[in-house]
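First the structure, in the form of structure tokens, and then the observations on it.
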């Protein structure tokens, strides 16, 4: 199995791979909690490639896509300068979105995406993520050093989530 995580720009190919992952992950993560019709409506109405290109071409955002045997398998988006009210104000915080499709989820895929994301966020004091309580990646992030900062809600359907934080050590 060949796993590679790499920085991706808001190009047509990059956005196409990102949307492939987003569409599949929205179904996988919500299918037990939300009707297929509502998921389909969300994907059709709220996932806008033009907006994604604009967001990714903002220099404070970084996209990392993980490929398994050349198939888009997961992604991480780092958004600098985005904090959350429950986080310490004196810390420079970076928001992270962290997604791996279930069919590609393995310790190796998780590690590849996390290591690249962690390296890309070395400039900040803290990484935070609002992740669904039922997301299987939540346990991995906690094992990687994230701690729960607060209970919240997340995603397009505002399901129960945890706001996780990860302190970057400056050594």
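The values are calculated or read from the model by the stated rules, or taken from the named source; none is laboratory data. In this text the structure is predicted, and so the values were computed from the model without any measurement. All Cβ positions, even for glycine, are placed from backbone atoms using ideal geometry, and neighbour counts span all protein chains on display.
Observations on the model:
- Residue check for residue 82: within 24 Å of residue 30 (Cβ to Cβ), in contact with a helix residue (DSSP H, G or I) (Cβ under 8 Å, 6 or more places away or on another chain) and either assigned to a helix (DSSP H, G or I) or at pLDDT below 95 (or both): no
- Single unsatisfied condition, residue 124 versus (1) buried (at least 16 other Cβ atoms within 10 Å of the Cβ); (2) without any contact (Cβ under 8 Å) to a residue 60 or more places away in the chain; (3) outside any helix (DSSP H, G or I); (4) within 16 Å of the chain's Cα centre (by Cα): (4)
- Looking across region 139-167, the residues that are surrounded by fewer than 17 Cβ atoms within 10 Å (Cβ to Cβ), touching a residue at least 40 places away in the same chain (Cβ under 8 Å) and farther than 18 Å from residue 34 by Cα come down to 150, 167.
- Per the conditions (1) over 24 Å from residue 149 (Cα atoms); (2) at pLDDT below 95, the sole criterion not satisfied by residue 5 is (2).
- Pairs meeting the criteria (first residue in region 43-69 and closer than 14 Å to residue 96 by Cα, second residue outside any loop (DSSP other than H, G, I, E, B) and modelled with pLDDT under 85, beta carbons under 7 Å, at least 6 apart or on different chains) are 61/55; 63/56.
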